[in-house]
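Only one structure is covered here, and it is reproduced in the block below.
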Amino acid sequence: MKDILKPLVDIVGEKAVSNHEEDLWYYSRDPGVLEPKRPDYVVAPKTTEQVQAIVRLANEEKIPVVPMGNGMSLTGIVRPLKGGIVMDMKQMNKIVEVNDRGRYVVVEGGVSQGQLKAYLEDNYPHLRHSIPDAPPGTTIAANVALHGQGRLSMQYGFNSDMVTGLEVVLPNGEVCKIGSWCMGPYWFSKGPSLPDLSGLFLGWLGTTGVLTKVGLRLYPQKKLRDVEIFVVDRAELVEDIIYRLSHTEMTEDLTVWFQPKPLMFKGNYHITVYFTGDTEEEVEFKRKLIWNAVQSYIDSKDGGFMGIAPMKSGLLEQPQRTISVFADVPKGGGFEYSGPITLVENFPEYTAMFEEIAAKYNLLYAATIRVIAGGHAMMYGMSFAFNRADQEMMDRVKTALDEATEFALDLGGIPWKPNVSEQAMAIQRMDPSTLSLMKMVKENLDPNGIMNPGNWEVN
Amino acid sequence: MYALKHEENVCATCPSPDCLLKCQYMEFSKEDAHKEIMKVVRGEDSVVLKDCTTCYACEEYCSRGNHPYYLICERREEKGILTAPRPITNQWINMTEMQGKFMTGSVEDTVMSCCMLPELKKLGSGDIFAEIESSFVFGAEFMCPAVHTHFAKPSVIKERLPKVLERYKGLGVKKVVCMHDECYGTFTSIAPAYGMEVPFEPVYYMDYILERLKDLKERIRPLGLKVVYQRPCSNRLIPDKFPLVEKILGKIGVEVLNRTYDGENCLCCGDIVRAICGYQAADDIQKRNVDDMAASGAEYCVFNCPFCQSALSDKVSKAGLKPVHIIDLCKMAIGEKEV
Ligand SMILES: Cc1cc2nc3c(=O)[nH]c(=O)nc-3n(C[C@H](O)[C@H](O)[C@H](O)COP(=O)(O)OP(=O)(O)OC[C@H]3O[C@@H](n4cnc5c(N)ncnc54)[C@H](O)[C@@H]3O)c2cc1C
Ligand code: SF4
Ligand code: SF4
């Protein structure tokens, strides 16, 4: 590989580029179980023009470029599988515009979830975005690049469905405007009523371009939020309960979770129901509809609302930190999850499979599953905790995750933020026509295969 | 195996079946009350087994030494009748399981029992508890399992309570200061009802406070407050201790105002009712209770049980009263806490 340190320094300045071993060590890994891959350079651009210049250079020299937000997706998709440049986007941290009445925001490609949340709380307290439960330093652009989900996904779909426009640096270094702002000043629509080109970038894990700006829908921030947890001990009841709860159209967010530890959670499936309102009457009205929807399960003693007073403040946090606590249970601070997306009706099979795999590989598990868009699908986070100092345990986790995904795909699910082997499983199962269209897109946009190579290798 | 002592003949000859006559959640004529309790006694089906909200009150209403509430629990379990939904029942059983995660302080002859409630450890501090603060026990291994009566699981009590008693015995303690009515009620009512020997002297925390207030007399500055009191369900197991509330409050210059849902007529906090019956019944109980408190004109609502406090604090505050635990009021009176 040609030495490109000097041209990179020329583009971004000395302080924003490195090939020092300690930096490369850090940027070669993510917190998941997959083995590190060493980059050759790390670069942190500040502007779209700098991104363009870097990508142009990389394209000329056929050097891989891996865009990276906070590196927290856990599935190894920011590891530079073929070396090259890791492009740390965090310096592109401007909130460009908030359209209050149009309820959207435009952010640069490195703006974090926490930054936007704080900015809205300070300046537009009546607006919010769909914050994921990922650490607050994770970025908005990365989240839509992997079709993330957040606090409002139950109501409005995947976080990528909430995109209202993109600025993308294509693999040839050209910059492209996607959405309504391609022909006017406003960022209100990512596609409709034009042909929707955002699909060339959303969900591609940075393999088709670098998102340098993202327009995102904002939603009303209600004054009050509350939460209840409905508990059942039979997995086959979960689908109907979700159906009833989602039918009320009163819930902000619906998640299902189960875990054997601490003991109080053992043997039960917990359905966390969030609801909001501007007044107490509104909140109470919603609470009643939610209770009424499942009262027959209370009457038959098959399900009930648990007391949550000691947990409430933690539950109402955004993002919620409890999943990170889980990582520390076996000591050594690691966890990773397999994330299939599928119909709610498959819940019993998935849970049985997951519990079986956890037992087979002797792993501690916790599963959190978010209901998407009123119940069209569920997005799983089937997590295993591990000790980072224990390679054998990490290998077990990796095998268990692959097995879980294999099962989920066989049942008709699709993988979420898939790691390389999960991508291969998906490609293997895809209809040839789909695959050939993806190939066409990839070959045309990135003929030199420089963008996050090794991922979505449809060729 | 331990068995509940309940005298059938005492019920059969009872001149006034107050257990069910006074029940606030079921309406019976005197004749029907007698009929229904006798069905329960004989192990027959009774509406009581279906509709009892587990408020504990009939333990107080029966003045003839029988244990109608414990009996209802036994019969429910025998017949497989659940009170709360199955997953909630099991959650409580799991949550209170002994897992070796208990804590003990520097245990002396007298220990303070903080159940599994961190709030009790916090309350049991300062000058009032200075002599026993460091001699404490905390955790499921020392927890009284009385809560499982709410879930009609006396078998859990029969299995766990002897272990708890054994553990105290192992510590060699002479007195246990119970920071929760449920705990004192377990050692002085449930254990004897099942023929279990208690190897120490249980001390009710309000008795302990009364003694301490004598020692701290010089420091007491009467608070001059008017309050209402939220009596917890477990106080029904130890009705002779109910008058202590007024005694303590009298000593610190706090007047307890009369209200409808007072004393024998008190209403429970509603939290367990919510789990068992759903929100309508619980909302109704809580609303009547809080409206009644507000109508009294009191400034504070005094709690004795941390569960009641957590269930009602919000509602009480919204009704314009300040929620406070009786121990915190005492701490205010001796200048340890701000009023
Ligand atoms: C405790 C915990 C909880 C989580 N909960 C959630 C959750 O509730 N919802 C959820 O969606 N996720 C969740 N995640 C997963 C993950 O952290 C998030 O999806 C997060 O958005 C990833 O952001 P990141 O900046 O760390 O992405 P990175 O890992 O840095 O990048 C992810 C992918 O996006 C690409 N990419 C990054 N930036 C760009 C860009 N500017 N242009 C093009 N491609 C780019 C990368 O190449 C990579 O393929 C959770 C993770 C953890 C650790
Ligand atoms: S339980 Fe007590 S009050 Fe009820 S019938 Fe028996 S003796 Fe009478
Ligand atoms: S416990 Fe309460 S509700 Fe049940 S029978 Fe006794 S008094 Fe009635």
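What to note about this one:
Yes/no per residue for (1) facing chain B (nearest Cβ under 10 Å); (2) open to solvent by 40 Å² or more (accessible area, probe 1.4 Å); (3) within 29 Å of A:Pro31 (Cα to Cα):
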site	(1), (2), (3)
A:Asn292	yes, yes, no
A:Gln295	yes, no, no
A:Lys301	yes, yes, no
A:Ile308	no, no, no
A:Met311	no, yes, yes
A:Gln318	no, no, yes
A:Ser324	no, yes, yes
A:Gly333	no, no, yes
A:Pro340	no, no, yes
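- Residue satisfying all of: in segment A:218-234; open to solvent by 10 Å² or more (accessible area, probe 1.4 Å) and either part of a strand (DSSP E or B) or within 14 Å of chain B (Cβ to nearest Cβ) (or both); nearest to A:Gly449 (Cα to Cα) among these: A:Tyr219
- Check on B:Ile81, away from ligand 3 (no atom under 12 Å from the Cβ) and within 22 Å of the chain's Cα centre (by Cα): no
- Of all residues in segment A:253-288, those satisfying the criterion of being in a helix (DSSP H, G or I) and open to solvent by 60 Å² or more (accessible area, probe 1.4 Å) are A:Glu280, A:Glu281, A:Glu284, A:Phe285, A:Lys288.
- A:Val65 being away from ligand 2 (no atom under 16 Å from the Cβ) and more than 30 Å from A:Tyr219 (Cβ to Cβ): yes
- Test for B:Phe138: is it within 25 Å of B:Cys268 (Cα to Cα) and either surrounded by 19 or more Cβ atoms within 10 Å (Cβ to Cβ) or more than 20 Å from the chain's Cα centre (by Cα) (or both): no
- Only helices (runs of 4 or more DSSP H) whose full extent lies in segment B:1-91 are considered here, and the ones with at least 2 residues that are over 25 Å from B:Asp284 (Cα atoms) and either at pLDDT 95 or above or within 8 Å of ligand 2 (Cβ to nearest atom) (or both) are B:8-12, B:30-42, B:68-79.
- Filter result (β-branched (Val, Ile, Thr) and closer than 30 Å to B:Arg219 by Cα) within segment B:72-126: B:Val107, B:Thr110, B:Val111
- Flag if A:Ile85 is aliphatic (A, V, I, L, M) and farther than 19 Å from A:Gly173 by Cβ: no
- No other residue among A:Ile427, A:Ile414, A:Ile372 is modelled with pLDDT of 95 or more, open to solvent by 60 Å² or more (accessible area, probe 1.4 Å) and touching a helix residue (DSSP H, G or I) at 6+ places or on another chain (Cβ under 8 Å) apart from A:Ile414.
- Per-region count, segment A:240-260, residues charged (D, E, K, R) and farther than 24 Å from A:Pro132 by Cβ: 2
- Residue in segment B:170-181 that is farthest from B:Ala140 (Cα to Cα), counting only those that are outside any loop (DSSP other than H, G, I, E, B) and over 16 Å from the mean Cα position of the chain (by Cα): B:Lys175
- Within segment A:21-38, residues that are surrounded by 20 or more Cβ atoms within 10 Å (Cβ to Cβ) reach partners that are of a type outside the set (Lys, Arg) and part of a helix (DSSP H, G or I) with beta carbons closer than 6 Å, at six or more positions or on different chains, in the pairs A:Val33/A:Met394; A:Val33/A:Val397.
- Among (1) surrounded by fewer than 23 Cβ atoms within 10 Å (Cβ to Cβ); (2) more than 13 Å from chain A (Cβ to nearest Cβ), the one test that B:Glu59 misses: (1)
- Hey, A:Asn93 open to solvent by 10 Å² or more (accessible area, probe 1.4 Å), near ligand 1 (Cβ under 8 Å from one of its atoms) and modelled with pLDDT of 95 or more or not: no
- Residue list for segment B:92-109, restricted to those being in a loop (DSSP other than H, G, I, E, B) and among the aliphatic types (A, V, I, L, M): B:Met98, B:Val107
- Enumeration of residues in segment B:182-226 that are over 21 Å from B:Glu159 (Cα atoms), within 24 Å of the chain's Cα centre (by Cα) and not in a strand (DSSP E or B): B:Tyr205, B:Met206, B:Asp207, B:Tyr208, B:Ile209, B:Leu210, B:Glu211, B:Arg212, B:Leu213
- Checked against (1) in contact with a helix residue (DSSP H, G or I) (Cβ under 9 Å, 6 or more places away or on another chain); (2) surrounded by fewer than 19 Cβ atoms within 10 Å (Cβ to Cβ); (3) more than 12 Å from chain B (Cβ to nearest Cβ), A:Leu245 meets all criteria but (2).
- Matching residues, segment B:75-114, being among the charged types (D, E, K, R), closer than 20 Å to B:Cys52 by Cα and either touching a residue at least 24 places away in the same chain (Cβ under 8 Å) or away from every other protein chain (no Cβ under 12 Å) (or both): B:Arg75, B:Arg76, B:Glu77, B:Glu78, B:Lys79
- Sub-6 Å Cβ pairs linking a first residue in segment B:8-28 that is open to solvent by 30 Å² or more (accessible area, probe 1.4 Å) to a second residue that is among the β-branched types (Val, Ile, Thr) and more than 9 Å from ligand 2 (Cβ to nearest atom), at least 6 apart or interchain, are B:Tyr25/B:Thr53, ordered by first then second residue.
- The residues of segment B:29-45 that are among the small types (Gly, Ala, Ser), within 29 Å of B:Gly270 (Cβ to Cβ) and in contact (Cβ under 8 Å) with a residue 12 or more places away in the chain amount to a single one, B:Ala33.
- Matching option when the condition is at negative phi and in contact with an Asp or Glu (Cβ under 8 Å, 6 or more places away or on another chain), among A:Ile290, A:Ile341, A:Ile298: A:Ile290
- Of all residues in segment A:121-131, exactly one satisfies the criterion of being within 13 Å of the chain's Cα centre (by Cα) and under 20 Å from A:Met92 (Cα atoms), namely A:Ile131.
- Odd one out for A:Gly150 among (1) out of contact with any helix residue (DSSP H, G or I) (no Cβ under 6 Å at 6 or more places or on another chain); (2) within 12 Å of ligand 1 (Cβ to nearest atom); (3) farther than 18 Å from A:Val441 by Cβ: (1)
- The condition of being more than 27 Å from B:Glu336 (Cα to Cα) and surrounded by fewer than 20 Cβ atoms within 10 Å (Cβ to Cβ) holds for B:Asp240.
The values are calculated or read from the model by the stated rules, or taken from the named source; none is laboratory data. Only a predicted model underlies this, so the values are computations on that prediction, with no experimental measurement involved. Note that we place each Cβ from the backbone using ideal geometry, even for glycine, and neighbour counts take in every protein chain shown. Heads up: the accessible areas ignore ligands, DNA and RNA and are worked out on the full protein's heavy atoms, side chains in. Shrake-Rupley method; radii C 1.70, N 1.55, O 1.52, S 1.80 Å.
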